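Reading through the structure tokens given below for one structure.
The values are calculated or read from the model by the stated rules, or taken from the named source; none is laboratory data. Quantities reported herein were computed from a predicted structural model and do not represent experimental measurements. Every residue, glycine as well, gets a Cβ built from its backbone with ideal geometry; the counts of neighbours run over all protein chains shown.
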Amino acid sequence: MNKLLATLIATLVTGAAFAQAAAPATPAVPATPAVVKAETKADKSVAAAVKSEAKVDAKADTKVEKAEVNAAEKKTKAVTKSATTKAKAQAKAAKADADDKAKATAKAEKASVNADAKADKTIIKADAKVETVKANAAADKATAKVETGAVKAEAKADVKAAGSK
């Protein structure tokens, strides 16, 4: 009996929720020619704003991709140059006479350290530039989104105002 009662109550609640959800939406504003014209104008302006936002997003993404590619190239060049400099210094130290071996080895180590430091600085600068471009892109996207929201709100207000005339 309890199961039957619980099922009936659940069916009643579900049916009531369905009946509320299935009710057709009534238009808040009657469809007068002014309202239709305002809705058309609003749709056009919103479509233009959305298109503009998409364009800004795409442009920002392209800038980020370009910055990442440039950074990767700079990093690769820096690491390659560092390795080349280190190899040359080691080769020079290996060719040195026995008397100058210690001095040449120390000079090669110094050149290696300097090459690594220079490569590290280049890598840090490249990464920093990418992060700056990413931050600017995010700001551009956020600005475009806010502008689109403003256009949508303005369009909604225009339609509402046209209905009250």
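So the values come out like this:
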quantity: Any hit, the range 11-18, residues being modelled with pLDDT of 60 or more and either basic (K, R) or in contact with a helix residue (DSSP H, G or I) (Cβ under 7 Å, 6 or more places away or on another chain) (or both); calculated: no
quantity: Residues that are among the β-branched types (V, I, T) and over 24 Å from T62 (Cβ atoms), drawn from the range 123-165; calculated: I124, V159
quantity: Residue in the range 73-81 that is surrounded by 12 or more Cβ atoms within 10 Å (Cβ to Cβ), over 32 Å from the mean Cα position of the chain (by Cα) and either modelled with pLDDT of 95 or more or more than 30 Å from A155 (Cβ to Cβ) (or both) present; calculated: yes
quantity: Any hit, the range 36-48, residues being more than 30 Å from K160 (Cβ to Cβ) and either of a type in the set (D, E) or surrounded by 15 or more Cβ atoms within 10 Å (Cβ to Cβ) (or both); calculated: no
quantity: Residues (surrounded by 11 or more Cβ atoms within 10 Å (Cβ to Cβ) and either among the hydrophobic types (A, V, I, L, M, F, W, C) or in a helix (DSSP H, G or I) (or both)) located in the range 98-112; calculated: K101, A102, K103, A104, T105, A106, K107, A108, E109, K110, A111, S112
quantity: Criterion (in contact with a helix residue (DSSP H, G or I) (Cβ under 6 Å, 6 or more places away or on another chain) and modelled with pLDDT of 95 or more) met by exactly one of V69, V64, V46, V35; calculated: V64
quantity: Pairs where the first residue, in the range 91-108, is in contact (Cβ under 8 Å) with a residue 24 or more places away in the chain and the second is of a type outside the set (D, E, K, R) and exposed (fewer than 14 other Cβ atoms within 10 Å of the Cβ), C-beta under 8 Å, 6+ apart; calculated: none
quantity: Exclusive hit being buried (at least 17 other Cβ atoms within 10 Å of the Cβ), more than 30 Å from V146 (Cβ to Cβ), of a type in the set (D, E, K, R) and under 41 Å from the mean Cα position of the chain (by Cα), set K86, K118; calculated: K86
